[in-house]
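Written out below as structure tokens is the structure these notes cover.
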Amino acid sequence: MNKVFDRYSSVCFALVGALFVIESRNISTSAYGSEVGPNMFPMGLGIILIILSLRLFWESTRGKAEGSAATGGKSLQYKRFLTIFAATLLYVYLLELVGYVIMTFLFLFVSFKVMGSKSYFKTTLVSFAFSVGVYYVYVHLLQGTLPGFPVWLGF
Amino acid sequence: MSTLQYLADGFYIAMQWHNLLYAFIGVLIGTAVGVLPGIGPMSGVALLMPVTASLTSGMNAEQAAASALILLAGVYYGAMYGGSTTSILLNTPGESSSVVTTLDGYQMAKQGRAGAALSIAAIGSFVAGVFALVALVFLAQPLSDLALEFGPAEYFSLMLLGLCAVSGLGGKSMTKALIMTVFGLLLATIGIDNVSGVARFTYDIPYLYQGLEFLTIAVGLFALGEVFKTILENDNSSKQLIKVGRILPSAKDLKQSAAPIARGSILGFFVGLLPGAGATLASFFSYILEKKWSKNPERFGKGAIEGVAGPESSNNAASGGAMIPLLTLGIPGSGTTAILMGALLMYNVQPGPLLFTDHPQVAWGLIASMFIGNLMLLALNMPLVKVFAKIIETPPHFLIPSIIAISVFGVYAVQITTFDLVLLVFCGLLGYFLSSNDFPLAPLVLGLVLGPMIENNMRRALTTSNGDFTIFLTKPLSLIFLGCAALWLIIPLILKGRGKEVVINEEA
């Protein structure tokens with residue numbers, strides 16, 4: 001129970017609700033043969049979301065901040081998380097550009113190391129087996145589509 | 001044709017060698033998913049959904065759907081078997097429905113009766129699973145017939161009931177659960193409106209026209225969310241694993257646990273039928289029941305075998321029971337069944353009353369394969385329980401990044417866009433922050449799956465009534481559903497107001 005998070009998230013959800021309400025005013029209000037248009041459902045939901053957010057905001061201001069001890073007790077490993085998160089984002093963005101096998105190998109190698117794998121040999125072996133194995137089985141045996149090797153490598 | 005004839009046809013489909021293989025892979029992975037802490041049944045099924053989609057891509061639609069469902073359902077009930085293993089050996093539940101098993105299971109393991117506890121859990125799960133299936137076979141037809149009488153107004157109210165039930169029991173704060181439900185429904189409105197063909201909230205981004213892909217969001221929220229959580233919070237401390245001794249339970253153990261297994265099966269099945277009340281709740285209820293029923297309740301918490309047999313049977317029976325509203329009414333009652341429904345919809349198979357007449361292959365093949373799957377699980381879990389206990393020792397530094405890589409592979413294989421991959425990563429981030437602050441994720445997924453259907457039915461009902469909202473109150477069945485929905489939200493509030501503990505269903 002993190003009251004601060006609750007407060008900010010209630011504001012965010014209220015904004016999301018408001019966005020849907022405002023944007024749904026631009027959608028046509030009737031459909032052919034019906035008095036009920038495609039705008040009504042999202043608009044109604046947006047209004048409900050705003051009301052619920054207000055209630056959450058009210059709940060988060062009431063009550064004491066008793067939850068701070070619960071989350072404060074655990075030490076979070078931000079460095080490890082941010083490295084892997086950044087690696088995942090890079091992986092995802094470069095996947096189509098560099099190709100599946102190379103990117104997956106690099107991503108796995110880096111994150112295995114970050115997560116605390118000791119031996120270089122084992123890390124290389126597992127990441128190699130995973131990336132090549134998945135690519136071979138999926139593309140060659142199951143005839144699926146994955147980004148192959150980049151053209152500029154020359155093969 | 002009679003029900004038994006249909007069932008025989010189902011067995012014919014389930015016994016095809018590739019379906020046997022899929023069922024086997026499903027229950028094997030399911031057991032592993034249950035054993036590994038950090039991946040629950042929900043993320044397991046979500047993770048495998050794209051993989052099965054690519055595995056079955058060569059078959060025709062009907063067969064592909066049957067095979068995929070056989071595999072995914074295998075993961076679902078397999079996880080119910082596997083979850084008990086870590087509860088008993090490590091005192092760490094592999095998933096939330098095995099939380100109660102730790103109370104007596106770990107104590108039994110400490111007394112050197114780990115093998116007996118594990119095998120009783122497996123036997124109990126088997127009996128309960130078969131019981132739930134038999135009930136499913138006989139209830140499916142009458143319930144489908146009943147559901148065929150429903151018009152759009154009744155459907156809308158019934159779905160609302162499902163959503164309210166899941167939100168009412170969904171987490172520590174009902175407000176948060178309701179917010180997640182509404183948020184899920186709102187996300188479902190993005191894309192082309194399938195009644196009028198108008199584009200909504202797409203902002204001319206081509207990827208958004210077909211809506212946010214359910215698969216991407218489910219994998220992101222559950223699988224990646226849990227992975228991020230483990231990366232951030234896990235301190236890599238390893239616990240001492242208790243050795244498994246003799247596996248077969250003694251005659252006394254069997255005698256003591258026969259009645260709890262029977263009670264747990266029946267109780268769990270009915271709890272599973274209710275929307276919102278899933279396996280976790282069933283196992284809690286069963287534990288409380290066994291404690292009340294027992295002549296000497298002080299033995300509980302100190303290694304009473306009844307405390308393992310009852311809850312483990314009832315969580316399995318509940319997962320079988322939860323299939324009934326999904327298959328006959330088309331309404332998932334929990335997060336995992338919502339994901340199964342998403343998988344069905346991916347194959348253009350609409351769960352609901354017509355499932356049994358339109359796609360008998362899928363429906364009866366699935367039911368028959370669950371019989372076979374349960375048998376496989378019993379065979380797997382009794383002699384191989386020591387092997388599965390080894391899975392716990394998989395080094396997390398290899399496991400965690402692999403899950404990310406599997407998620408990325410799975411989503412890319414089905415969607416083939418970078419947009420979905422980016423969405424996946426951000427859903428993972430969102431999933432972590434929301435679930436670590438007690439926002440339950442199951443209602444969001446449920447909202448996302450039910451969103452288009454609930455909207456269609458509402459608009460169809462309103463079209464027939466010329467925009468008059470009282471149609472939902474004047475149809476008697478619809479009124480009853482709405483009443484139940486309201487009660488589901490109000491009763492927990494009243495109980496909380498009186499200061500009573502309300503049992504909630506974390507996960508689903």
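Our summary of shape: the Cα atoms of chain B have principal axis extents of 68, 52, 48 Å, ordered from largest down, in whole angstrom. In terms of distances greater than 24 angstrom between alpha carbons, the cross-link table entries B:LYS252/B:LYS295; A:LYS113/B:LYS229; B:LYS243/B:LYS291; B:LYS255/B:LYS302; B:LYS110/B:LYS386 yield B:LYS243/B:LYS291. Computed over the alpha carbons of the stretch B:392-461, Rg followed by Dmax gives 16.4, 55 Å.
Would you list B:CYS484, B:CYS164, A:CYS12 from fewest to most Cβ contacts within 10 Å?
Details: B:CYS484 16, B:CYS164 27, A:CYS12 11.
Starting with the residue having the fewest Cβ neighbours, the order is A:CYS12, B:CYS484, B:CYS164.
Expressed as a whole percent, the proportion of Cα-Cα pairs in the stretch B:302-368 lying more than 16 Å apart is 52%. Estimated translational diffusion coefficient (Stokes-Einstein, Kirkwood radius over Cα pairs, 25 °C, 0.890 mPa s) of the protein assembly as shown: 96 µm² per second.
Taking a quarter of the surface of the convex hull around the Cα atoms of the stretch B:258-366, what do you get in nm²? Intermediate values should be presented prior to the final figure.
Values: hull surface 28.7 nm².
Projected over every direction and averaged, the Cα hull of the stretch B:258-366 covers 7.2 nm².
With an a/c value of 1.5 or above and a/b larger than b/c for the gyration tensor axes a ≥ b ≥ c computed over the alpha-carbon atoms, the stretch A:1-63 is described as prolate. Average 1/r across all pairs of distinct alpha carbons in the stretch B:114-271, invert it, and you get the Kirkwood radius: 21.2 Å. For chain B, take the longest principal axis of its alpha carbons; what is the angle in degrees between that and the long axis of helix B:17-35, to the nearest 10 within 0 to 90? Rounded to the nearest ten degrees, it is 70. Charge dipole (Cα centre; +1 on Lys/Arg Cβ, -1 on Asp/Glu Cβ; no other charges) of the stretch A:1-63 amounts to roughly 260 debye. Does chain A classify as rounded, prolate or oblate by the C-alpha gyration tensor (a ≥ b ≥ c root eigenvalues; a/c under 1.5 gives rounded; else a/b over b/c gives prolate, otherwise oblate)? Oblate, since a/c reaches 1.5 and b/c is not below a/b. Apply 1/(1 + (r/R0)^6) to the Cβ-Cβ distance of B:LEU21 and A:LEU19, taking R0 = 51 Å, and write down the FRET efficiency to the nearest 0.05. After rounding, the FRET efficiency stands at 0.60.
Using the Cβ-Cβ distance between A:THR124 and A:VAL151 with R0 = 22 Å, the FRET efficiency computed as 1/(1 + (r/R0)^6) comes to roughly 0.30. Cβ crowding within 10 Å ranks B:HIS359, B:HIS18 as B:HIS18, B:HIS359, fewest other Cβ atoms first. Mind checking the angle between helix B:251-273 and chain B's longest principal axis? C-alpha axes, 0 to 90 degrees, to the nearest 10. Rounded to the nearest ten degrees, it is 10.
Extents of the stretch A:76-155, largest first, come to 42, 25, 24 Å (Cα atoms, principal axes, whole angstrom).
Rounded to the nearest 20 debye, the dipole magnitude of the protein assembly as shown is 2240 debye, with +1 charges on Lys and Arg beta carbons, -1 on Asp and Glu beta carbons, and the Cα centre as origin.
On average, how many beta carbons from a partner chain sit within 10 Å of the beta carbon of a residue in A:10-19?
Working: counts 3, 0, 0, 7, 1, 0, 5, 4, 0, 2.
Going residue by residue through A:10-19 and averaging, the value is 2.
This ranking places A:PHE105, A:PHE112 by how few other beta-carbon atoms lie within 10 Å of each, fewest first, which gives A:PHE105, A:PHE112.
Here each label is just a point 7 Å from Cα along the line to Cβ, and for B:TYR12 and B:GLU149 those points are 3.3 nm apart. Computing Rg and the Kirkwood Rh from the Cα coordinates of the stretch B:305-439 gives a ratio, Rg/Rh, of 1.02.
Longest exposed-loop-site-free stretch of chain B, with chymotrypsin sites (Phe, Trp or Tyr not before Pro), DSSP loop and at most 15 other Cβ within 10 Å?
On the way: sites that count: B:TYR203, B:TYR209, B:PHE469.
With a cap of 15 other Cβ atoms within 10 Å, the longest stretch comes to B:210-468.
Rounded to the nearest whole Hz, the Karplus-based 3J(HN,Hα) values (6.51 cos²θ - 1.76 cosθ + 1.60, θ = phi - 60°) of the stretch B:223-229 follow the sequence 5, 5, x, 5, 5, 4, 4, with x at glycine and proline. Taking label points 7 Å from Cα along the Cα-to-Cβ direction, A:GLN143 and B:LEU493 give a separation of 5.7 nm.
The simple spin-label model puts a point 7 Å past each Cα toward its Cβ; for B:ASN466 and B:SER57 those points are separated by 5.2 nm.
FYI, it's all coordinate maths here, none of it is from the lab. These numbers were taken from a predicted model, which means no experiment stands behind them. Heads up, the Cβs are rebuilt from the backbone with ideal geometry, glycines too, and the neighbour counts pull from every protein chain shown.
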